[in-house]
Amino acid sequence: MTSKEAILSESAQIVKSALIERGLETPMLPNELSPEVRKDKIEHHMREILTLMSLDLNDDSLADTPRRIAKMYVDEIFSGLDYANFPKITVIENKMGFDEMVKVNDISLTSTCEHHLVTIDGVATVAYLPSKSIIGLSKINRIVRFFAQRPQVQERLTQQVLVALQALLGTQDVAVKMDAVHYCVKSRGVMDSTSSTTTTALGGKFKSNPATRAEFLSN
Ligand SMILES: Nc1nc2c(ncn2[C@@H]2O[C@H](COP(=O)(O)OP(=O)(O)OP(=O)(O)O)[C@@H](O)[C@H]2O)c(=O)[nH]1
Ligand SMILES: [Zn+2]
């Protein structure tokens, strides 16, 4: 374990190990650079890219764009590449023995396509059947957001949320559904402005029990 990993929260470590074990981790290289150093380097390279596109960065509207992009990448839209940003998770004992489905509908989902680095815009629905633990509701939204803030393909994003919740809740009985518009399909390439893509990842009873599956997939 590196010194950087040693300061990760217990939740972040549990989730990271579960993804690696399932072969679902985002392809990433070790990165020991601080966020500030990464921003400086990205700013430098972004300046080169924009100049190669023949933009005049002396213009006052463009002058700060390389820095803005660097900050946006590291602190915002790709912040989920750093497990130091994994949300604080509150899992509490299921003392009330709640054993029916908990389902969070229509979680806002904004991610970035890893093939073109343009927006993926959609919603996620996440459910689980409580076993020993229940999780603070907002934490489900935060976990979706953490993994959305990486370059993604929708299939992997859906599965990462599934495996993260399975690991944190100690149950296989988790389900995730995502419906999203890919701007690489909408604003360029095939230029289809009406299609959307639905992906599901089902674990435990959501996969094996038709009634549970149907209850989740119905609205
Ligand atoms: N399976 C999957 N494919 C995706 C996702 N996001 C983007 N893509 C696709 O990734 C593919 C990349 O294909 P390429 O042929 O290498 O790229 P391209 O020449 O830009 O392709 P076009 O988009 O068809 O113009 C495209 O078909 C995209 O639609 C995703 O989340 N999941
Ligand atoms: Zn794309």
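The values are calculated or read from the model by the stated rules, or taken from the named source; none is laboratory data. Note that the structure is predicted; figures quoted are calculated from it, not measured. Backbone-built Cβ (ideal geometry, glycine too); neighbour counts: all protein chains shown. Each accessible area value is taken on the protein alone, full model and side chains, heavy atoms only, with ligands, DNA and RNA left out. Shrake-Rupley method; radii C 1.70, N 1.55, O 1.52, S 1.80 Å.
Couple of notes before you dig in:
- For F98, solvent-accessible area (1.4 Å; no DNA, RNA or ligand), Å²: 90 Å²
- Gain on full stretching of the segment that runs from R22 to R68 - 0.36 nm per residue minus C-alpha separation: 13.0 nm
- The coefficient of translational diffusion for segment 91-217, derived via Stokes-Einstein from the alpha carbon Kirkwood radius under 25 °C and 0.890 mPa s, stands at 163 µm²/s.
- Packing-based ranking of 110-118, 178-186 yields 178-186, 110-118, ordered from highest to lowest mean Cβ neighbour count within 10 Å.
- Where the alpha-carbon atoms of segment 3-85 are placed on the principal axes, they occupy 48, 23, 17 Å, in descending order.
- Against the chain, whose longest principal axis comes from its Cα atoms, helix 137-148 is set at around 40 degrees.
- Histogram of C-alpha separations across the chain, 5 Å bin width, %: 1, 7, 13, 16, 17, 15, 12, 8, 5, 3, 2, 1, 0
- Computed per residue of the chain from DSSP H runs no shorter than four, each worth -39500 (n - 2.57), the mean residue ellipticity at 222 nm is -11000 deg cm²/dmol.
- Largest accessible area first, the residues I143, I14, I20 order themselves as I20, I14, I143 under a 1.4 Å probe with ligands, DNA and RNA left out.
- Relative compactness, segment 20-145, computed as alpha-carbon Rg over 2.2 N^0.38 Å: 1.42
- Listed residue pairs exceeding 30 Å between alpha carbons, taken from K88/K186; K16/K71; K71/K103; K39/K132: K88/K186; K71/K103; K39/K132
- For the pair D40 and L117 in one chain, pulling the backbone fully straight at 0.36 nm per residue adds 25.7 nm over the alpha carbon distance.
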